[in-house]
Amino acid sequence: MDRFTANLWTGPNSSERKESMGEFFSLDRAVKAFPKILASLNVTFEIVIIATLVGLLLGVCIALIRMFRVPVLSQIAAVYISFMRGTPLIVQLYVVYYGLPILLYNLVGININGWDKLFFIITAYALNEAAFMGEIIRGAIIAVPELQTEAGYSTGMTYGQTFLHVILPQAVRVAIPSFGVDLVSLFQSTSLAFLLGAVDVIGRARTIGSNSGHYLDVYVDAAVIFITFSVLLELLFHFIQKRGDRIYHGQH
Amino acid sequence: MASTEVGYEINWNLLKLALQSGLRNLPATIELTVFGMAISLTLGLLVALVRYYRLPVLSQFLTVLLTLLKGTPAMLMLMMVSLIYSSNIMKIIQYFNLNIKPADINMIFLGILVLSLFTMPGTSEAFRGALLSIDKIQFEAGYAVGLTTGQLLRTVIIPQVIPTAMPMLMNLLVAAFKASALVYTIGIVEVMYGSLEPCAQYYQYLEGYIAAAAIFWALSILMTCFGNWVTHTVRIEKSEGSV
């Protein structure tokens, strides 16, 4: 099989073929491997947390650029968002992985070729997140009625004060559900990071699988981890949203 | 460590080859997306109806199943499905005494299966939301004029459900289209595989990924425009119909 198919092909000639001999799925093996796979969740979390923070920061910049319609930059931001939303994440990962060293070398002459793989992976996820965060933030700020700004001005507040005390708290409340959905989807999309060699949940599961020759057990382990944390994240955001609503309605 | 050399220049000829090769395989990507979505829409509507009518046991079972599907990343689902397939295909062939080799089977149906499973929580949620938005009085009115449940669903409820669910369904269509890029990892030949094929000879992959990105981007934009047009059209028809 060609090199670029990431050796995932599990056909008759692949190394995963030995799977069909012996037991197909063993709960015992799955339970034994589970703690080892769970331990590599910190790599997954590292990707999620750094990508979210960097994405949030860049997303605020993108949202501001688009809201104030900064000439040139605003158009670039629109194209950037369209690209990030219109292409598969797997393509973006590889374009960053292969393209970023070339781009940086040609632009500023820095050679980042030997840097850690995780750097490229996190950069790709953060760049992707920035586009989605930018849209969430912009949408949330637009969702606050214009009347609120006018009310702020009429009480003698400056634009900055109005934004900070009137617009922002309401925008945050609007943004929380979308932010939660986005975070869950980012968490799940880290399942691609192993393609570039990250030893996260899936990467670790595949290492254990290739040693034992049994992949299904470890895939089930990985699925259990992903499902559990997706549900937990959803519940957390549901709780935050309910609390936000209570505070919001309590003010009236 | 990234495997590209510094001071690398884009090989424009290779980029052109990759684009041509990727575009040649566009029908397979469209097949994956369209069939995956068609199955997902059918199952999603059925699941939504079961959950809407709260059929005992089945409804609870499907709720759990949807949570499991929603929590499993598409890539992991793909790896599991392809593993189960490749481990059992020989047994199935031997059992039925079929005169085929596993390598001769087009695996595109595996990709279609995974894409339909991946989008099913979304489609069923879209239909369920739309069903819940319909006033109870419509059901009562339907029964009052003597429609059976089947007739009521077909002539009154579903025609209203589709326009309401349309924006979400169109987003899911684009999501399924983008997720179809994953299936090249198990050796299914589609746009991504096609774009990378010429690159394997040169050991230069950036051009292939850029070509794939360009094709997916262009089509996503087209699909989004199409989605907006469809959403707009069905909404107009709905409001005209109700007048």
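For residues in segment B:178-193 being within 14 Å of A:LEU195 (Cβ to Cβ) and facing another protein chain (nearest Cβ under 9 Å), which is most open to solvent (accessible area, probe 1.4 Å)? Don't jump to the end; show me each part of the working.
From segment B:178-193, those within 14 Å of A:LEU195 (Cβ to Cβ) are B:181-186, B:192; that's our starting set.
Remaining after also requiring facing another protein chain (nearest Cβ under 9 Å): B:181-182, B:184-186, B:192.
Values: B:ALA181: 0, B:LEU182: 20, B:TYR184: 0, B:THR185: 0, B:ILE186: 2, B:MET192: 0 Å².
For segment B:178-193, the residue satisfying everything is B:LEU182.
Residue by residue through segment A:87-126, note down the ones that are over 16 Å from the mean Cα position of the chain (by Cα) and closer than 19 Å to B:SER180 by Cβ. Steps first, answer last, please.
As a first pass, look at segment A:87-126 and keep what is over 16 Å from the mean Cα position of the chain (by Cα): A:95, A:97-117.
The one that is over 16 Å from the mean Cα position of the chain (by Cα) and closer than 19 Å to B:SER180 by Cβ: A:VAL95.
Looking at segment A:187-201 only, could you name the residues that are in a helix (DSSP H, G or I) and either over 12 Å from A:TYR97 (Cα atoms) or within 7 Å of another protein chain (Cβ to nearest Cβ) (or both)?
Taking segment A:187-201 as the starting set, the residues that turn out to be in a helix (DSSP H, G or I) are A:187-196, A:201.
Those that are in a helix (DSSP H, G or I) and either over 12 Å from A:TYR97 (Cα atoms) or within 7 Å of another protein chain (Cβ to nearest Cβ) (or both): A:PHE187, A:GLN188, A:SER189, A:THR190, A:SER191, A:LEU192, A:PHE194, A:VAL201.
A quick yes/no check of all residues on (1) at the interface with chain A (Cβ under 10 Å from one of its Cβ atoms); (2) surrounded by fewer than 22 Cβ atoms within 10 Å (Cβ to Cβ); (3) within 19 Å of B:LEU182 (Cα to Cα):
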position	(1), (2), (3)
B:LEU65	no, yes, no
B:MET90	yes, yes, no
B:LEU115	no, no, yes
B:GLY122	no, yes, yes
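Take A:GLY86 and decide whether it is of a type outside the set (A, V, I, L, M, F, W, C), open to solvent by less than 20 Å² (accessible area, probe 1.4 Å) and within 13 Å of chain B (Cβ to nearest Cβ). Give the derivation first.
On the way: of a type outside the set (A, V, I, L, M, F, W, C): yes; open to solvent by less than 20 Å² (accessible area, probe 1.4 Å): yes; within 13 Å of chain B (Cβ to nearest Cβ): yes.
Here the answer is yes, as A:GLY86 does meet what is asked.
As an exercise: evaluate B:TYR52 against (1) open to solvent by 20 Å² or more (accessible area, probe 1.4 Å); (2) in contact with a Leu (Cβ under 7 Å, 6 or more places away or on another chain); (3) at the interface with chain A (Cβ under 10 Å from one of its Cβ atoms); (4) not hydrophobic (A, V, I, L, M, F, W, C) and give the number of the one condition it does not meet.
So the condition that B:TYR52 fails would be (3).
Can you work out which of the residues in segment A:62-72 that are within 22 Å of A:TYR125 (Cα to Cα) and touching a helix residue (DSSP H, G or I) at 6+ places or on another chain (Cβ under 8 Å) is most open to solvent (accessible area, probe 1.4 Å)?
So the first thing to find is which residues in segment A:62-72 are within 22 Å of A:TYR125 (Cα to Cα), and the list is A:62-66.
From what's left, touching a helix residue (DSSP H, G or I) at 6+ places or on another chain (Cβ under 8 Å): A:62-63, A:65-66.
Working: A:ILE62: 20, A:ALA63: 2, A:ILE65: 41, A:ARG66: 58 Å².
Step by step, filter segment A:62-72, then rank; the result is A:ARG66.
So is A:PHE179 open to solvent by 40 Å² or more (accessible area, probe 1.4 Å) and within 30 Å of A:ASP116 (Cα to Cα) or not? If you could, list the steps in order and put the result at the bottom.
Values: open to solvent by 40 Å² or more (accessible area, probe 1.4 Å): yes; within 30 Å of A:ASP116 (Cα to Cα): yes.
Considered against the rule, which asks whether it is open to solvent by 40 Å² or more (accessible area, probe 1.4 Å) and within 30 Å of A:ASP116 (Cα to Cα), A:PHE179 comes out as yes.
Taking segment A:99-116 as the search range and keeping residues that are within 22 Å of B:ALA211 (Cα to Cα) and at the interface with chain B (Cβ under 7 Å from one of its Cβ atoms), which one is surrounded by the most Cβ atoms within 10 Å (Cβ to Cβ)?
If we take residues in segment A:99-116 being within 22 Å of B:ALA211 (Cα to Cα) and at the interface with chain B (Cβ under 7 Å from one of its Cβ atoms), then A:PRO101 is surrounded by the most Cβ atoms within 10 Å (Cβ to Cβ).
Could you please give the count of residues in segment B:132-142 that are open to solvent by 40 Å² or more (accessible area, probe 1.4 Å), assigned to a helix (DSSP H, G or I) and within 15 Å of B:LEU49 (Cα to Cα)? Before you say what the answer is, go through the steps one by one.
Taking segment B:132-142 as the starting set, the residues that turn out to be open to solvent by 40 Å² or more (accessible area, probe 1.4 Å) are B:132-133, B:135-138, B:140-141.
Adding the requirement that they be assigned to a helix (DSSP H, G or I) leaves B:132, B:136-138, B:140-141.
Now narrow it down to the ones that are within 15 Å of B:LEU49 (Cα to Cα): B:132, B:136.
Total meeting the criteria: 2.
Condition first: of a type in the set (Gly, Ala, Ser), touching a Lys or Arg at 6+ places or on another chain (Cβ under 7 Å) and in contact (Cβ under 8 Å) with a residue 12 or more places away in the chain. Now tell me which residues in segment B:188-219 satisfy that.
Filtering segment B:188-219 down to residues of a type in the set (Gly, Ala, Ser) leaves B:194-195, B:200, B:208, B:211-214, B:218.
Among the residues that remain, those that are also touching a Lys or Arg at 6+ places or on another chain (Cβ under 7 Å) are: B:194, B:200.
Residue satisfying the conditions is B:GLY194 alone.
Could you list all residues from segment B:143-157 that are open to solvent by 80 Å² or more (accessible area, probe 1.4 Å) and of a type in the set (A, V, I, L, M)?
Answer for segment B:143-157, where residues must be open to solvent by 80 Å² or more (accessible area, probe 1.4 Å) and of a type in the set (A, V, I, L, M): B:ALA144, B:VAL145.
Across segment A:15-37, which residue is farthest from A:THR190 (Cα to Cα) among those that are open to solvent by less than 70 Å² (accessible area, probe 1.4 Å) and at pLDDT 80 or above?
A:SER26
Determine which single condition B:LEU196 fails, assuming it passes every other condition in (1) in a helix (DSSP H, G or I); (2) of a type in the set (A, V, I, L, M); (3) more than 7 Å from every other protein chain (Cβ to nearest Cβ); (4) open to solvent by less than 10 Å² (accessible area, probe 1.4 Å).
Here B:LEU196 meets the rest and fails (3).
The values are calculated or read from the model by the stated rules, or taken from the named source; none is laboratory data. Remember, predicted model here, so these are calculated numbers, not experimental data. Heads up, the Cβs are rebuilt from the backbone with ideal geometry, glycines too, and the neighbour counts pull from every protein chain shown. Heavy atoms of the whole protein, side chains included, go into the accessibility calculation; ligands, DNA and RNA do not. Shrake-Rupley method; radii C 1.70, N 1.55, O 1.52, S 1.80 Å.
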